[in-house]
1. Kindly check whether there is at least one residue in segment 214-228 that is assigned to a helix (DSSP H, G or I), at pLDDT 90 or above, buried (at least 20 other Cβ atoms within 10 Å of the Cβ) and not assigned by TED's automatic domain parsing to the domain that holds residue 31.
2. Residues to consider are 91, 102, 182; find the one that is within 30 Å of residue 32 (Cβ to Cβ) and free of Cβ contacts under 8 Å to residues at least 40 places away in the same chain.
3. I'd like the full set of residues that are surrounded by fewer than 18 Cβ atoms within 10 Å (Cβ to Cβ) and in contact with a helix residue (DSSP H, G or I) (Cβ under 9 Å, 6 or more places away or on another chain), limited to segment 155-166.
4. Quick one: which of 143, 151 is under 30 Å from residue 217 (Cα atoms) and within 18 Å of the chain's Cα centre (by Cα)?
């Protein structure tokens, strides 16, 4: 399962974090608190689900409970490090013996916080870990199986290149950078076209339609969803369809429907 949000779409923000805990109440509470502090949050209900999500949409940092019934936190850490993944990992655990801390750190965790803990301490530790992580050297942005290189203006989904126009690339880049956030048409117009550009709001729907055709070529599942009455969200599940057919699925947008650069 996933749940994502952020305080400032398109803003710098403190980063993206995945919270992994089999206790739904703890997971929701922690996720809500981190969102209020500006983090983009993804939630996973166990180690196996976390590893699956990490392979598809890696966050900037991982908050990981140790004691889980399927794949525990220690095994998740070992799996990540064995694969060469240097993702920062902060472990949460009620186990407070020195041997427990040593086991977590030896498995590859970067920090170990004992429950119960003060939320502000957790947030400060997350910021510290994020500051220590070097920026991605290749400058690529990734989400939902998409990899974009803004410098080279290249894009791919699941390793397959996407042929995009300049405007399509700019729209997709903004969506990828804000994956999981519901973006309004006005936000997309402002960031991609600019409010001073003479363009009708249905240009957004037109270019979303263009992008969907390319993203879903070959029967690939939908990741660019319509949220009725609000806007659009790039998300790796089917919850963007708020019941029934998504608005715009069968719309045919031609160049004659207003100015669409």
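1. Yes: segment 214-228 contains one or more residues that are assigned to a helix (DSSP H, G or I), at pLDDT 90 or above, buried (at least 20 other Cβ atoms within 10 Å of the Cβ) and not assigned by TED's automatic domain parsing to the domain that holds residue 31.
2. 91
3. To start, the set of residues in segment 155-166 that are surrounded by fewer than 18 Cβ atoms within 10 Å (Cβ to Cβ) comprises 156, 158-161, 163, 165-166.
Listed by number, the residues that qualify are 160, 163, 165.
4. Numbers: 151 fails: within 18 Å of the chain's Cα centre (by Cα).
Exactly one residue qualifies, and that residue is 143.
The values are calculated or read from the model by the stated rules, or taken from the named source; none is laboratory data. Being a predicted model, the structure only gives us computed values, none of them experimental. Backbone-built Cβ (ideal geometry, glycine too); neighbour counts: all protein chains shown.
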